[in-house]
1. Consider I161 carefully, then state whether it is within 23 Å of K5 (Cα to Cα) and of a type in the set (A, V, I, L, M).
2. Is it the case that the range 53-76 has a residue that's open to solvent by 40 Å² or more (accessible area, probe 1.4 Å), near ligand 1 (Cβ under 10 Å from one of its atoms) and closer than 21 Å to L195 by Cβ?
3. Take the residues of the range 22-60 that are assigned to a loop (DSSP other than H, G, I, E, B) and within 15 Å of ligand 2 (Cβ to nearest atom): which is nearest to the chain's Cα centre (by Cα)?
4. Yes or no: K24 within 12 Å of ligand 1 (Cβ to nearest atom), modelled with pLDDT of 95 or more and on the phi < 0 side of the Ramachandran plot?
5. Within the group G155, G183, which residue is modelled with pLDDT of 95 or more and under 13 Å from L113 (Cα atoms)?
6. Tell me, yes or no, whether the range 163-177 has at least one residue that is aromatic (F, W, Y) and either modelled with pLDDT under 95 or open to solvent by 10 Å² or more (accessible area, probe 1.4 Å) (or both).
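The values are calculated or read from the model by the stated rules, or taken from the named source; none is laboratory data. Just so we're clear, the structure is a prediction, and the values are computed from it rather than from any experiment. Heads up, the Cβs are rebuilt from the backbone with ideal geometry, glycines too, and the neighbour counts pull from every protein chain shown. Each accessible area value is taken on the protein alone, full model and side chains, heavy atoms only, with ligands, DNA and RNA left out. Shrake-Rupley method; radii C 1.70, N 1.55, O 1.52, S 1.80 Å.
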Amino acid sequence: MDHIKACIFDLDGVIVDTAVYHYKAWKRLANELGFEFTELDNEQLKGVSRMRSLEIVLQCGGITKTEAEQKLLAAQKNTWYMDMVNQMTPAEILPGAKEFVESCRDAGIKTALGSASKNSMTILNKLNIANLFDVIIDGNKVSKAKPDPEVFLKGAAELGIEPKYCVVFEDAIAGVEAAKAGGMKAIGIGDPVLLHEADMVISGLDKAPRPPKEGAGDWALNKI
Ligand code: G6P
Ligand code: MG
């Protein structure tokens, strides 16, 4: 059995409650373009880059836009999104997230962030949690979006840990797929039906089994 040596965390919807702001901003854009955008439609956008998300939103509305128009629409969405992010307080760090990452570090497990978001650093700095991670890989450092495993493989490589010793925490279908494609274990955060490809699904990091301080070898996550 391969004992876990590193935990890699997605940001939006795993560490912070920003997934809802992404949804609100995309929904507002869709509504202004004249169509509805549901929470189920939104599942396809989780973990997906900004420009690819816009393509999916436009497809949902059956709308075509030029590349220049697409850039403006994505910028508009990001402005609305960041307006909400700028109002965030540390209370929007998801329950148990900080404590779980800290418990990993205390047990000698390495930690990395692996997010598609180009706004990751702004969010981490705003909430004062950048120092929770040994390595941060965000949307500015990768060229291939989840479900491609690039973001997680880069995280593992920068930590110096082989993928088979890594476990990824993800709320997105594309993110779970990316972890598995990278040869890592995946813990889904959210709906077990949607995230059925994960090795285990929990409702949040407050429910994640914490590594024992002495000898993380006995950790429940080593047995999945
Ligand atoms: C995360 C979110 C996606 C978002 C993407 C890009 O993966 O789950 O919903 O589209 O990051 O975020 P950004 O902040 O760069 O627009
Ligand atoms: Mg996410």
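1. yes
2. Checked the range 53-76: no residue is open to solvent by 40 Å² or more (accessible area, probe 1.4 Å), near ligand 1 (Cβ under 10 Å from one of its atoms) and closer than 21 Å to L195 by Cβ.
3. Looking at residues that are assigned to a loop (DSSP other than H, G, I, E, B) and within 15 Å of ligand 2 (Cβ to nearest atom), I get G47.
4. Values: within 12 Å of ligand 1 (Cβ to nearest atom): yes; modelled with pLDDT of 95 or more: yes; on the phi < 0 side of the Ramachandran plot: yes.
Yes, satisfied.
5. G155
6. yes
Each row is one residue, and each column tells you yes or no for (1) of a type outside the set (A, V, I, L, M); (2) modelled with pLDDT under 95.
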{"site": "G108", "(1), (2)": "yes, yes"}
{"site": "G114", "(1), (2)": "yes, no"}
{"site": "K118", "(1), (2)": "yes, no"}
{"site": "I123", "(1), (2)": "no, no"}
{"site": "I129", "(1), (2)": "no, no"}
{"site": "D138", "(1), (2)": "yes, no"}
{"site": "K141", "(1), (2)": "yes, no"}
